[in-house]
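The values are calculated or read from the model by the stated rules, or taken from the named source; none is laboratory data. The model shown is predicted, which means the values in this text are computed figures rather than measured ones. All Cβ positions, even for glycine, are placed from backbone atoms using ideal geometry, and neighbour counts span all protein chains on display. Accessible surface is based on the protein model in full, side chains and every heavy atom, while ligands, DNA and RNA are left aside. Shrake-Rupley method; radii C 1.70, N 1.55, O 1.52, S 1.80 Å.
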Amino acid sequence: MFDKNYLLPIEALERVLAAISEGNLPIERLKIEECYGYIIASDVISPEDLPAFSRSTVDGYALNSRDTFGAKENSPVYIAVKHEIFMGSVPDFKLGTGESAKIPTGGMLPEGADAVLMLEHAQTVSDDMIEVMRSIAPNENVIQKGEDIKKGKTILTKGHRLRAQDIGALAGLGITEIDVFRKPIVSIISTGDEIVPASRPLKLGQVRDINSFTLSGLISEHGGIPAKKGIFKDDYDVIKDAMEGALQDSDMVLISGGTSAGTKDMTAQIIDDIAQIYGGPGVLFHGVSLKPGKPMIGGVVNNKPILGLPGHPAATVVCFDLFVKPVMERLGGLNSRKNFTKTIKAKMAKNMASAAGREDHIRVYLEEKNGELSAIPVLGKSGLITTLVRADGIVVIPQNKLGLDAGEEVTVKVF
């Protein structure tokens with residue numbers, strides 16, 4: 001059932017996304033230190049103001065800004081130093097007109113003060129008197145109570161992937177636990193009579209398993225939990241049993257190899273047969289207008305996506321980026337409006353031709369020349385892992401272009 005009417009990658013992806021539910025993974029309540037990279041399951045509302053008090057951003061003198069108006073280096077204003085504020089203490093006094101209090105960075109402003117004069121802008125006259133060398137504005141060198149976060153404000157929204165700074169903000173508000181979606185468990189099934197474990201010496205005609213290691217790393221990097229199921233021979237019953245088992249204990253199944261039109265490549269048939277048992281729709285596409293990655297298969301069984309990836313390492317990485325990653329994000333509940341890909345602009349170092357109607361993904365490495373970044377194609381067949389090792393990213397030639405010209409500005413999707 002190899003589909004000769006190849007879909008564009010975006011059309012193929014949309015078929016899979018439309019057939020699965022969004023954010024249907026179980027919700028877990030975890031300690032914030034365990035939540036890096038998880039996706040938030042509900043909006044987070046601030047329980048308090050941050051900061052909880054007005055504080056200084058510099059070492060200096062807390063005072064009323066109007067007492068400094070008109071101060072200049074050649075015409076300073078004299079202000080009394082009445083108190084000293086210490087870190088972690090609450091001032092128990094009120095400043096009057098013409099009075100100040102020495103204050104450290106982070107110290108709490110006393111009543112009667114609305115600004116802080118930096119130490120550099122003051123001259124000590126005596127233990128209880130300073131010269132103010134410049135005027136300051138209200139709220140200068142001060143973070144106001146609630147200026148960072150107001151009580152009752154939504155600080156993180158459902159579908160947001162937690163970053164280190166987000167977890168820091170939660171800690172600052174005293175939030176130590178949060179509801180998140182469980183990370184999707186993604187099974188990896190490697191197929192092929194010629195594939196052997198990476199630890200095994202090779203016999204003539206054999207190839208060590210590369211893709212399961214590459215996929216495991218990519219899954220972990222993009223917020224999933226990889227589950228390597230092993231290497232399975234090109235046998236219908238063996239692969240079918242492996243696929244059914246993976247569907248029972250994971251949220252998504254990846255099959256590496258067995259997707260082209262060869263006589264032993266039966267992945268699509270097995271997906272359709274399993275769909276008749278557990279619920280369809282089964283195979284949604286077989287083959288995409290893409291290089292590398294043309295034999296890609298996409299299907300859904302019992303609301304769980306099953307993706308058949310080509311066996312060539314370069315094609316595996318390209319198809320992960322185009323299909324596996326967005327499907328994982330849909331399962332995990334990621335807010336697609338805040339899903340960005342890291343890119344950089346560069347100039348193509350040489351001409352690259354492309355076939356009309358096909359989306360080409362060109363591996364490139366980046367090199368700085370005369371103050372400009374050049375994208376230099378890493379040429380080689382998709383079965384060569386070294387083309388990925390040498391590459392820094394991918395340049396996409398759209399299906400409506402016949403190639404790229406040397407010197408043309410391109411967008412590089414950085415690995």
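Excluding ligands, DNA and RNA, what is the solvent-accessible area per residue of the chain at a probe of 1.4 Å, expressed in Å²? Don't skip to the end; give the middle numbers.
Numbers: 20270 Å² over 415 residues.
About 49 Å² of surface per residue is accessible.
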Probe 1.4 Å, all protein chains present, accessible-area order of 267, 124, largest first | 124, 267
Rounded, prolate or oblate (a/c below 1.5 giving rounded, otherwise prolate when a/b exceeds b/c) for the range 192-252 by Cα gyration tensor | oblate
The chain, helix-only ellipticity at 222 nm - DSSP H runs n ≥ 4, -39,500 (n - 2.57), divided by all residues, nearest 500 | -5500 deg cm²/dmol
Roughly speaking, to the nearest percent, how much of the chain's 1.4 Å accessible area is carbon and sulfur?
-> 50 percent
Residue-count net charge about residue 398 - beta-carbon cut-off 11 Å; Lys, Arg +1, Asp, Glu -1 = 0
Accessible area in the full protein assembly, largest first, 1.4 Å probe, for 285, 232, 213 | 213, 232, 285
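Could you rank 118, 87, 348 by how accessible they are, 1.4 Å probe, largest area first?
Sorted by accessible area, descending: 87, 118, 348.
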Which distance in Å, rounded to a whole number, links the C-alpha centroids of the range 11-89 and the range 216-254?
-> 42 Å
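Which entries of 228/325; 345/381; 145/183; 151/342; 304/401; 325/350 show an alpha-carbon separation above 27 angstrom in the structure shown?
In this structure, 145/183; 151/342; 304/401; 325/350 exceed 27 Å between Cα atoms.
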By what distance, in whole Å, do the Cα atoms of the range 278-365 stretch along each of the three principal axes, largest value first?
-> 50, 30, 23
Segment residue 145-residue 82, length gained on full extension (0.36 nm per residue, minus Cα span) | 20.3 nm
Overall form of the chain per C-alpha gyration tensor (a/c, 1.5; a/b vs b/c) | prolate
What whole number of Å gives the distance from the Cα centroid of the range 321-370 to the Cα centroid of the range 96-156?
-> 49 Å
